[in-house]
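Single-structure report; data block below.
A short reminder: the numbers here are calculations on the coordinates, not readings from a lab. Since we're looking at a predicted model, the values are computed, not measured. Heads up, the Cβs are rebuilt from the backbone with ideal geometry, glycines too, and the neighbour counts pull from every protein chain shown.
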Amino acid sequence: MRRGWELAIHHLTPEEFPRTCLILNEGIEQGIAPGMVAGFWTAREPDRVRLRASGVRRTHSTLALPMTVETVFDLASVSKVFATATLAALFVERGWISWETPVCAVLPSFEYPEIRIRHLLAHTSGLPAWVPLFEKIRAHFSRRPVESFSVSSRQRLMRNLVFTISPEKPAGERAVYSDIGFIVLGFLLEEIAGSALDRAVANFLWKPMGLNSAFYNRITTSPSRDVRHEVAATEDCPWRGGILQGQVHDDNCWSMGGYAGHAGAFANAKDVLGFAAGLMSGFLSKEVMAAVWERVERPLGCERTLGWDTPSGPEPSAGKFFSERSVGHLGFTGTSLWIDPQAELAVTLLTNRVHPSRENTKIKAFRPRFHDAIRQDIDSLPSSKRH
C-alpha cells in the first residue's frame, strides 16, 4: 500500500479546475463557511493529492488566520470511518473479532446479547441516535471543571452511563444513525486492543498508514498538545470558554476526555485522502474491504455499509456523478470524505462551517454542488494528465 507521507501535495489550480475553484470562492463569499480545504486523490496520480485552500481558519480575533492546505480540522463524525470502523475491520482481518461477535462477549456489562458488532457498525443496533450524556458527566463532576478530573475517570463514567441506555428497536429491524452505538463500539475495541482507543487507533492505523497530522487531543487542564495555531476553529461556546480551537467540538466526546468511538479525530486534508488511498491500495485485504463497503442486507432498503454511508436521497451530498458503489461520511463540523471505488477516486471537503455558530447550515446544499464541480473538472482533464 502507499503510505500517506509519500503523497506529494500539488495545488488545485483555476487553470485545470475552473469549476472547483469557482465553487469554492462562491462558498466563501456566500458564507457557507469561513474557510475550506478541498481536494482529491486518484489512482491515476497515485503519488500525489491535489488540494486548494480558501478563506480563513479563525475569525473574531485580533489576527485573522488564513486557511492553508496544511490546516488541521476537527473531523467530527468522519472519525467513525477514519478511525473506529476501520480499526474494527483491521481486527476482523486479524481474526481477533468477527462481524458477528456479540458485543456482550467482549463487554460483559452490556446486557443485550442480540446486538452484534455488525449492528453497531451499520447503525442497526436499535440504540438511540444521541443522548446528552455530557450533562450527566458535568453534573457528576460539578465541584470542579470537568477537564480537571482524570480522563480515565471520565471514560469510566461514560462507559457506565452508556451501558444503561436501552435499545429502542430490536437489532436489525431499523437503521438509525447512532452516536451511542459507536461509543459502545469504541469501548469494545479498547478491550480487544488492550489500550485506550486514541492510542490503539494511532498505533494500529494512523502510524502504519503514515498519517502524520492525525491525532486525538485529550481534554485536560494541560492538553496533550497545543494545536490552536494549526487547527481550524469551530464553535464559539461560552460554557466551554469561548471559541473552540484544538479541542473536540462534540460535547459527549469532550466530556469523556477528547476521544471516543463516534468523534474526536483531527487531521488535515492530505491525511484524510492518504487514508482513503490506503484503503484503495491494500491496507486491508480485498475480502475485508468488500465486506466493509457492501450495503447491509437487513433491514431492507438500508443505505449503509459497515461503518459508511452511501449516496442516497434525491440530492445526495456526493452529487450526481459518484457511482452507486461509492461510500462516504459527513462530519457535523463541516467535513466529508467520499470514495468511489469504481473510479478509484477519493474527494474530501473540509470546512469550519460551525465557526462561530452551528446555526449556519448552508453547507447541506453546497456539498452536492461542490462534488459535481470537482467531478466534472477531473473528468475534463486531458488524458495525458490523467495518468
Next item on the list: Could you work out which residue, out of Ala33, Ala105, Ala265, moves most in a Gaussian network model of the chain, that is, has the largest mean-square fluctuation with Cα springs under 10 Å?
Entry: Ala105
Notebook entry, point to check: Using Cα pairs under 8 angstrom and six or more residues apart, how large is the relative contact order of the chain, in percent?
Noted result: 26
Next item on the list: Given the options Ile117, Ile183, Ile165, state which has the largest fluctuation in a GNM of the chain using a 10 Å cut-off (strictly under) for Cα springs.
Entry: Ile165
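Quick one: which of 239-245, 298-304, 24-30 comes out on top by average Cβ neighbours within 10 Å, and what's the full order, highest first? Present the calculation step by step, with values, prior to reporting the outcome.
Working: 239-245: 15.7, 298-304: 13.0, 24-30: 17.3.
The densest-packed peptide leads the list: 24-30, 239-245, 298-304.
Would you mind checking Lys80/Lys286; Lys286/Lys320; Lys320/Lys362; Lys207/Lys270 for any pair whose Cα atoms are more than 22 angstrom apart?
Values: Lys80/Lys286 20 Å; Lys286/Lys320 27 Å; Lys320/Lys362 19 Å; Lys207/Lys270 15 Å.
Beyond 22 Å: Lys286/Lys320.
Compute the Cα gyration tensor for the stretch 206-339, then decide on rounded, prolate or oblate, letting a ≥ b ≥ c be the square roots of its eigenvalues: rounded whenever a/c is under 1.5, prolate when a/b is larger than b/c in the other cases, and oblate in all that remain.
Prolate shape, in that a/c is at least 1.5 and a/b is the bigger ratio.
If each residue of separation counts as 0.36 nm, what is the full-extension length gain between Glu324 and His11 once their alpha-carbon separation is subtracted? Before the final figure, lay out each step's value.
Values: separation 313, 0.36 × 313 = 112.68 nm, distance 2.88 nm.
This chain segment gains 109.8 nm when fully extended.
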Checklist line | Dipole magnitude of the stretch 230-346, debye to nearest 20 (Cβ charges: Lys/Arg +1, Asp/Glu -1, about Cα centre) | finding: 180
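Out of the DSSP beta bridges found with both residues in the stretch 4-385, what percent are antiparallel (nearest 5)? Before the final figure, lay out each step's value.
Details: 36 of 41 bridges.
Percent antiparallel among DSSP bridges in the stretch 4-385 is about 90.
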Notebook entry, point to check: Fully extended, how many nm does the chain gain between Ser281 and Thr164 (0.36 nm per residue separation, minus their Cα-Cα distance)?
Noted result: 38.1 nm
Checklist line | Theoretical ellipticity at 222 nm over the chain - DSSP helices of four or more residues, -39500 (n - 2.57) apiece, nearest 500 | finding: -8500 deg cm²/dmol
Notebook entry, point to check: For the pair Lys362 and Glu26, how long in nm is the line joining their label points, each one 7 Å along Cα→Cβ?
Noted result: 1.2
Check: Once the chain is represented by equal point scatterers at the alpha-carbon sites, with solvent omitted, what log10 I(q)/I(0) does the Debye formula produce at q = 0.13, 0.14 Å⁻¹?
Finding: -1.06, -1.23
Item checked: Global geometry of the stretch 307-387, whether rounded, prolate or oblate, following the gyration tensor of its Cα atoms and the 1.5 cut on a/c -> prolate
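By its C-alpha gyration tensor, with a ≥ b ≥ c as the square roots of the eigenvalues, how is the stretch 163-222 shaped: rounded for a/c under 1.5, else prolate for a/b larger than b/c, else oblate? Before the final figure, lay out the partial values.
Values: a/c = 2.35, a/b = 1.91, b/c = 1.23.
It is prolate, given that a/c is not under 1.5 and a/b is the larger ratio.
If you stretched the chain out fully between Ser98 and Arg228, how much longer would it get, using 0.36 nm times the residue separation minus the C-alpha to C-alpha distance? Walk me through the intermediate numbers first.
Numbers: separation 130, 0.36 × 130 = 46.80 nm, distance 3.91 nm.
Gain in length upon complete extension: 42.9 nm.
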Check: Using 7 Å Cα-to-Cβ label points, what is the Thr59/Glu114 separation (nm, one decimal)?
Finding: 4.9
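Enumerate the helices in the chain for which the Kyte-Doolittle hydropathy averages -1.0 or more and the C-alpha atoms extend at least 15 Å along the helix's axis, using complete DSSP H runs. If you can, show how the numbers build up before the last one.
Details: long enough: 18-29 (16 Å, 0.12); 151-162 (16 Å, -0.35); 179-193 (21 Å, 1.68); 269-280 (17 Å, 1.14); 363-380 (25 Å, -0.79).
Once both thresholds are applied, what remains is 18-29, 151-162, 179-193, 269-280, 363-380.
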